[in-house]
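Engineer: Dropping a structure here in structure tokens format, bear with me for questions.
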Amino acid sequence: MRKEVLVIGGGATGAGVVRDLALRGADCVLLEMGDYCHGASGGNHGLLHSGGRYAVKDPSSARECAEENSTLRRIAPFCIEDTGGLFASLPGDDPEFGDRFERACRETGVPVEELSAQEALAEEPGLSTDVTRCYRVPDGSVDPFALVQANVDDARANGATVLNHCRVTGMEVDGGRVVRVDYVNNRNGESGHVFPELMVNTAGAWAPQVAKMAGVHLAMGLDQGSMLVADGRHCRHVVNRLRPPSNGDIAVPNHTSTILGTTSRPASSPEDSGVSEADQGLLLREASRMLPGLRTVRVIRSYGGVRPLLGGGGREASRSFAVLRDEGAENMLTVSGGKLTTYRLMAEKVSDQACRVLGIRAACRTASEPLGPPAEGGGMSIAESRLTRKYGWRSRDIDTGDARVICSCEQVLRSEVVHALGGEDVLTMADVMRRTRAGMGYCQGMDCSLGVLELMVRSKGVDPRQTLLEFLSEREKGLELASGDQLRQELLRRHVFQGVYRLGGGA
Ligand SMILES: Cc1cc2nc3c(=O)[nH]c(=O)nc-3n(C[C@H](O)[C@H](O)[C@H](O)COP(=O)(O)OP(=O)(O)OC[C@H]3O[C@@H](n4cnc5c(N)ncnc54)[C@H](O)[C@@H]3O)c2cc1C
């Protein structure tokens, strides 16, 4: 296919770029090798940063986060929970850090307000009574899967072609320009080619691999971070430790769970996201110092993500971003670094450059155009209003007349799964899970997988055994460190699938 722009990578940045360019009238295509959010966009805390976390050490990132925080609340309210955030210090933390934090927040435009220990405990009853200082900031909780899907849907509505499960495998470079890009479509095993005028490399931690296909060397640090999913919501706010960014200092309430994060270590590859037992112990220990109720919490699963960092790796590297262009492949722009919170701004900057190259004069509209029309309100049933909160305007296509629940942990309706299966992007049970949350709860799919499978077989004609085994082994990845009640649950799940249904392999 011949296109003005090819975007490689369907995380938040790529989805943001293809939407931005489509809104400006560019003819573009996006190729993603897995499902959307296969990379760091699906392996993060889902924290909508206020900027507070970076105010002291990385003021330009803090400014970017502060600005984008309010933009995203405006354009994508359906995938954001306005939890607010607290930064709390404990005995042993530097007592002066609070003053530096407050000053830096004011200098970088992060709204900040100091609370007394008493006020903090009234706002967040689960907080440790040892709290010494506390500040309130406008952190929030964001669902990255819903955010990225909304960008994809809007890009398509504006004429873009967006294909997941399509891996870019090679390129032909002629006279310093990429003239042909080869890809394999995992939907049907067929290969294809794109002949782009311009290419945008938004492959995150894989960006150096994509650049290498064009003969360009890209120096980038890779840094792994681990997170835990704790069963239930253990805080009303995002709770951060008031100290320089360090291991185990964030707890984010997210849907039916609390995400505890994170750590930082060099990663050997973009796939190096495994979580060690030591990291799991550290995250639980540190988080329960801030929120003592977490000491006995049930950890549903662990997962990791890999950050591509400019200027090397580790906590010292900036969380800001850059758009890079190399004369070895002059029609390739690479965007690297940044945050989920700043994906739209990154997309705007790279799209501005792309439009200059292509001679497109239209200005960026993504800061003001909502991601889809506003959802209708008034006269809704409880099911309708819950789905509107979860999917925004897209909920209008879900049949709420069928109130059967398919996933009891996450209270997902059968009709939500039917609706997700109607999408051309959905090829696997994990694709259904990312769009509906069916299988994300504490039983990790024991309860709902057969129900989802039945619907998938009916609508997509998939091989039931292979599809189920693939899903079960995907879920198993985050359960290696399960203990206590979660281990009992996992043993029951294995017994049901291996012992009762006689499924081997990943089950
Ligand atoms: C541990 C951790 C915690 C974080 N927490 C937060 C947080 O709470 N809040 C926040 O704002 N930010 C957070 N971040 C940062 C945020 O997740 C990332 O900045 C953001 O998701 C990056 O998005 P991206 O689209 O640039 O990259 P990615 O999401 O990694 O997307 C790159 C995509 O390119 C695709 N790809 C690669 N090679 C190919 C190929 N050959 N062909 C086709 N496709 C290809 C990949 O499959 C992938 O989907 C966190 C990051 C980590 C690692």
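The values are calculated or read from the model by the stated rules, or taken from the named source; none is laboratory data. Every value quoted in this text rests on a predicted model; they were computed, and no experiment measured them. Here the Cβ positions follow ideal geometry from the backbone for every residue, glycine too, while neighbour counts run over all protein chains shown. We work out accessible area using only protein heavy atoms, side chains counted, and drop any ligands, DNA or RNA first. Shrake-Rupley method; radii C 1.70, N 1.55, O 1.52, S 1.80 Å.
Engineer: What is the residue count in segment 36-63 for residues that are at pLDDT 95 or above, in a loop (DSSP other than H, G, I, E, B), surrounded by fewer than 22 Cβ atoms within 10 Å (Cβ to Cβ) and more than 6 Å from the ligand (Cβ to nearest atom)?
Structural biologist: Count: 1.
Engineer: Identify, please: which residue in segment 1-33 is part of a loop (DSSP other than H, G, I, E, B) and farther than 19 Å from Ser336 by Cα and is, among those, farthest from the ligand (Cβ to nearest atom)?
Structural biologist: Gly25
Engineer: Does Met346 qualify as being outside any loop (DSSP other than H, G, I, E, B), out of contact with any Leu (no Cβ under 9 Å at 6 or more places or on another chain) and at pLDDT 90 or above?
Structural biologist: yes
Engineer: Restricting attention to segment 343-367, which residues are out of contact with any strand residue (DSSP E or B) (no Cβ under 7 Å at 6 or more places or on another chain) and not small (Gly, Ala, Ser)?
Structural biologist: Across segment 343-367, the qualifying residues are Tyr343, Arg344, Leu345, Glu348, Asp352, Cys355, Arg356, Ile360, Arg361, Cys364, Arg365, Thr366.
Engineer: If you don't mind, there's one more thing I want to ask. How many residues does segment 439-489 contain that are touching a Gly at 6+ places or on another chain (Cβ under 7 Å), in a helix (DSSP H, G or I) and small (Gly, Ala, Ser)?
Structural biologist: 2
Engineer: Could you list, in sequence order, all residues of segment 424-465 that are open to solvent by 50 Å² or more (accessible area, probe 1.4 Å) and under 17 Å from Gly34 (Cβ atoms)?
Structural biologist: Glu424, Leu427, Arg434
Engineer: Restricting to segment 425-466, count the residues that are touching a residue at least 60 places away in the same chain (Cβ under 8 Å) and at negative phi.
Structural biologist: Of the residues in segment 425-466, 10 are touching a residue at least 60 places away in the same chain (Cβ under 8 Å) and at negative phi.
Engineer: In segment 187-221, what residues are more than 12 Å from the ligand (Cβ to nearest atom), in contact with a Ser or Thr (Cβ under 9 Å, 6 or more places away or on another chain) and of a type outside the set (A, V, I, L, M, F, W, C)?
Structural biologist: Hit for segment 187-221 is Ser191, nothing else.
Engineer: Among the residues of segment 278-304, what is the count of those that are farther than 18 Å from Glu480 by Cα and either outside any helix (DSSP H, G or I) or open to solvent by 30 Å² or more (accessible area, probe 1.4 Å) (or both)?
Structural biologist: Taking segment 278-304 and keeping what is farther than 18 Å from Glu480 by Cα, we get 285-296.
Next, only the ones that are either outside any helix (DSSP H, G or I) or open to solvent by 30 Å² or more (accessible area, probe 1.4 Å) (or both) stay: 285-286, 289, 291-293, 295-296.
Summing the residues that are farther than 18 Å from Glu480 by Cα and either outside any helix (DSSP H, G or I) or open to solvent by 30 Å² or more (accessible area, probe 1.4 Å) (or both) in segment 278-304 gives 8.
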